[in-house]
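S.K.: Okay, handing you the structure first.
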Amino acid sequence: IMRHNSTFFACLFLCLTFSQISLAQVNGDYRSVNAPNPAGGNWNDITKWERFNGTSWVAAATPPSSADETITIRSGDNILLNVPVTADQLVIEAGGTLSINVFSSVSGGNDLTLNNGPGTDLIVNGLLILRSFNIINGPGTVEVNGTFNWFSGTLAAVTNTIAGSTTNFDLDFAKTLLANFTNGGTLNWATGVSPVNITVTNCVFTNNGTLN
């Protein structure tokens, strides 16, 4: 009887495990591919993305957007936001990078607009870089569990950094904060040759972590 019970529970465990695996991806999910650091690849380059078609991962026909399901930047990849993008359910894996630091002579910057979809709209388990004339905005929210290097540009989406995360206010360039920011991790505010000014407008900065 014990052997039969053991076999039953082993089978049940395997069934549940395979069920969880099958639910790991849904039709319309995107993931980065062939975009290794440091060179990485541009967001609008379809060769840097794969799409889950409900059965398997296939080459993407278009870049991902908020019309799609979860968008994952995988460990080891660096995706450069070289065009304005609207997204949600965007996840940067540990070891992955999203670089919002590409300057455009036409628009000045390439903005990331976060729609307010289910759950947190941008989860940073790896590295997020914001600089130049670029903006992160929209009604969506940002959660930083990894590292956020804010060199310059505008942060206009509600942002929460979690215990164990690191945020770096660095380089001698002005920064603009237009949405509530709560630091729950370690925030390093570096000083350089000239003062690093942060303009805070119509929002609240809250420090619940460590501020260096």
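The values are calculated or read from the model by the stated rules, or taken from the named source; none is laboratory data. Source: prediction; values computed, not measured. Positions of Cβ are backbone-derived with ideal geometry, glycine not excepted, and every protein chain shown enters the neighbour counts. The area values use the complete protein model at the heavy-atom level, side chains included, leaving out ligands, DNA and RNA. Shrake-Rupley method; radii C 1.70, N 1.55, O 1.52, S 1.80 Å.
S.K.: May I ask for the equivalent-ellipsoid semi-axes of region 124-181, computed as the square root of five times each C-alpha gyration tensor eigenvalue and listed largest first in whole Å? The partial results should precede the final answer.
M.R.: Values: eigenvalues 56, 41, 16 Å².
The three semi-axes for region 124-181 are 17, 14, 9 Å.
S.K.: Only bridges with both residues in the chain count here: give the DSSP antiparallel percent, nearest 5. The partial results should precede the final answer.
M.R.: On the way: 8 of 65 bridges.
Expressed as a percentage, antiparallel bridges in the chain total about 10.
S.K.: Compute the distance in nm between two label points, each set 7 Å from the Cα along the Cα-to-Cβ direction, one at Leu171 and one at Asn27.
M.R.: 4.3 nm
S.K.: At a threshold of 8 angstrom on Cα-Cα distance, excluding pairs fewer than six apart, so keeping six or more, what relative contact order does region 127-212 reach in percent?
M.R.: Details: 243 pairs, mean separation 21.1, N = 86.
Relative contact order, region 127-212: 25 percent.
S.K.: Taking the 0 to 90 degree range and rounding to the nearest ten, how far is the long axis of helix 2-22 tilted relative to the main principal axis of the chain, both from C-alpha atoms?
M.R.: 40 degrees
S.K.: Tell me the mean residue ellipticity at 222 nm calculated for the chain from its helices only (DSSP H runs of n ≥ 4, each -39500 (n - 2.57), averaged over every residue, nearest 500). Write out the running numbers ahead of the final one.
M.R.: Numbers: 1 runs with 21 residues, N = 212.
Roughly -3500 deg cm²/dmol at 222 nm, from the helical runs in the chain.
S.K.: For the chain, which whole percent of the accessible surface, found with a 1.4 angstrom probe, sits on carbon and sulfur atoms? Before the final figure, lay out each step's value.
M.R.: Working: 6080 of 10610 Å².
Of the solvent-accessible surface of the chain, carbon and sulfur hold 57 percent.
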